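The values are calculated or read from the model by the stated rules, or taken from the named source; none is laboratory data. Computed from a predicted model, the values in this text were never measured in an experiment. Note that we place each Cβ from the backbone using ideal geometry, even for glycine, and neighbour counts take in every protein chain shown. For accessibility, only protein heavy atoms count, side chains too; no ligands or nucleic acids. Shrake-Rupley method; radii C 1.70, N 1.55, O 1.52, S 1.80 Å.
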Amino acid sequence: MATSLPSPPLSRSSTPGSEQQKDLVTDTLSQRLDALLEQYLHLLHQYTTLREELSNSFSSAFFTLAHAQRASTLGAGRRYGQEYYDDRMKAQRLVKVDNDAPRHGLVWKVSRKVAPTRDGADAGPNTEKDNVDLQSREKEDDVSQEVKGQTKDAPEVEEDSTNEREKQDPATRDPINWFGILAPSALRQSQSHFTRLVENQIPDLLSIDSNMRRVEGQIWLLREELGLTHDYEQSETKEEVEHDGLEGEEAQVKQRAKQAFRNLPSRPAHPKSHLLKLGE
Amino acid sequence: MAAPPSAYRDRQFLAVIGDEDSVTGLLLAGIGHVTDPPDSQRNFLVCDSRTEKSTIESAFNRFTKERKDIGIVLINQHIAEKIRDTVDKFQEAFPAVLEIPAKDHPYDPEKDSVLRRVRRLFGE
């Protein structure tokens, strides 16, 4: 008979021992990927919670601003807006970035600028305790506005002149004074809302975003090592078309992941199995 | 790779592109800054329905690419929608770009660039 018998499969090039070792490495990487995804989902939860808080804070701030517009002391038809901005204005809230890359990525802070001292020391962003100072100062402002003209405990002349200088100096002048000295309390409340969201929620949100980017980078790298990038290839290609000029760390990680995929002959289980594991 | 301190050390200002109420509120919080003359530059742009797309784009590019003293760019989400391509193309870590709600345009998670990135990560 001319029919040839099927030949036995070729012996494996690797020994069972090395296979086991490979499985062990894959398991370890999978566990690490699971842990990273879990961490990422926690961050995502924080992000969505903070987003909601930010939206609520903006709503309150806009509401009080609208209230102030209705109670405007500027005259009929005038509103608190760009017409009154001071063209010499100087920033009184400054950004500070700390790089805690290994643990949290970038940590953003916004704080009140330190007023220059009499010695001429340089001004710069203040520390966290200034946030407390600001809030107490705002409360004092509210109270002082109410009691102004009723109780005056013989203020010192020097203090008066210092306050006068601060009012004149664009670097220290409270922006609320652009709109006159009789700003309604609603405008002060609005200012207080905006200040809080600028100093707290906005930098917190950016810090979470930075941390998310950091974890994303690690997830892409692990996926690359596990050969899981194919499942994301399609959406990646689509993304590539949409964002032709993508730059930065994220793009580099994805590029490396894509390159690695092209060199891989096969891929393991579907990556979403990792997500399912989280729910167990 | 972590960004070197030189990439953000001098980025101390916030900038804002928004409608009049958003900008007024944020300036009340003390973020407004006009650089010294003769080349006085503002760190904000007030937009309304008549503001040209090119004006918004130009301000966004100025705040994100030209000026090296801006650390955070706040932009109303509905205004970012008008220049979506430009906003999405900007992927640098500095300055950070954050889309914020406006009085008449609440925050829409569907348009949030971070959440779109999350969906991309999970292959959706």
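In the stretch B:4-24, what count of residues is obtained for those that are under 17 Å from the mean Cα position of the chain (by Cα), under 17 Å from A:Val110 (Cβ atoms) and facing chain A (nearest Cβ under 9 Å)?
Residues flagged as under 17 Å from the mean Cα position of the chain (by Cα), under 17 Å from A:Val110 (Cβ atoms) and facing chain A (nearest Cβ under 9 Å) within the stretch B:4-24 amount to 7.
Residues checked against (1) open to solvent by 80 Å² or more (accessible area, probe 1.4 Å); (2) under 26 Å from the mean Cα position of the chain (by Cα); (3) under 30 Å from A:Gly217 (Cα atoms):
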{"residue": "A:Thr64", "(1), (2), (3)": "no, yes, no"}
{"residue": "A:Gln69", "(1), (2), (3)": "no, no, no"}
{"residue": "A:Gly75", "(1), (2), (3)": "no, no, no"}
{"residue": "A:Ala91", "(1), (2), (3)": "no, yes, no"}
{"residue": "A:Asp98", "(1), (2), (3)": "no, yes, yes"}
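Can you name the residue in the stretch B:105-124 that is more than 9 Å from every other protein chain (Cβ to nearest Cβ) and more than 20 Å from A:Leu37 (Cβ to Cβ) and is also surrounded by the most Cβ atoms within 10 Å (Cβ to Cβ) among such residues?
Only one residue tops the list, namely B:Ser113.
Return the residue satisfying two criteria in turn: it lies in the stretch A:68-99 and is more than 19 Å from B:Leu14 (Cβ to Cβ) and among the hydrophobic types (A, V, I, L, M, F, W, C), and of such residues it is farthest from the other protein chains (Cβ to nearest Cβ).
Residue satisfying both the conditions and the ranking: A:Ala76.
Of all residues in the stretch B:38-75, which are of a type in the set (Gly, Ala, Ser), within 14 Å of the chain's Cα centre (by Cα) and over 14 Å from B:Ala96 (Cα atoms)?
B:Ser58, B:Ala59
From B:Lys68, B:Lys82, B:Lys53, B:Lys89, which residue is open to solvent by 60 Å² or more (accessible area, probe 1.4 Å) and either facing chain A (nearest Cβ under 8 Å) or within 30 Å of A:Ile219 (Cα to Cα) (or both)?
On the way: B:Lys68 fails: either facing chain A (nearest Cβ under 8 Å) or within 30 Å of A:Ile219 (Cα to Cα) (or both); B:Lys82 fails: either facing chain A (nearest Cβ under 8 Å) or within 30 Å of A:Ile219 (Cα to Cα) (or both); B:Lys53 fails: either facing chain A (nearest Cβ under 8 Å) or within 30 Å of A:Ile219 (Cα to Cα) (or both).
Within the list B:Lys68, B:Lys82, B:Lys53, B:Lys89, the selection yields B:Lys89.
Working only within the stretch B:1-25, note down all residues that are in a loop (DSSP other than H, G, I, E, B) and either open to solvent by less than 40 Å² (accessible area, probe 1.4 Å) or in contact (Cβ under 8 Å) with a residue 24 or more places away in the chain (or both). I'd like the intermediate steps shown before the answer.
First, the residues of the stretch B:1-25 that are in a loop (DSSP other than H, G, I, E, B): B:1-4, B:8-12, B:19.
Answer for the stretch B:1-25, where residues must be in a loop (DSSP other than H, G, I, E, B) and either open to solvent by less than 40 Å² (accessible area, probe 1.4 Å) or in contact (Cβ under 8 Å) with a residue 24 or more places away in the chain (or both): B:Ala3, B:Tyr8, B:Asp10, B:Arg11, B:Gln12, B:Asp19.
Return the residues of the stretch A:40-79 that are assigned to a helix (DSSP H, G or I) and basic (Lys, Arg); say none if nothing qualifies.
A:Arg51, A:Arg70 - these are the residues of the stretch A:40-79 that are assigned to a helix (DSSP H, G or I) and basic (Lys, Arg).
Counting only residues that are buried (at least 20 other Cβ atoms within 10 Å of the Cβ) and touching a helix residue (DSSP H, G or I) at 6+ places or on another chain (Cβ under 6 Å), how many does the stretch A:185-196 have?
Result for the stretch A:185-196: 6.
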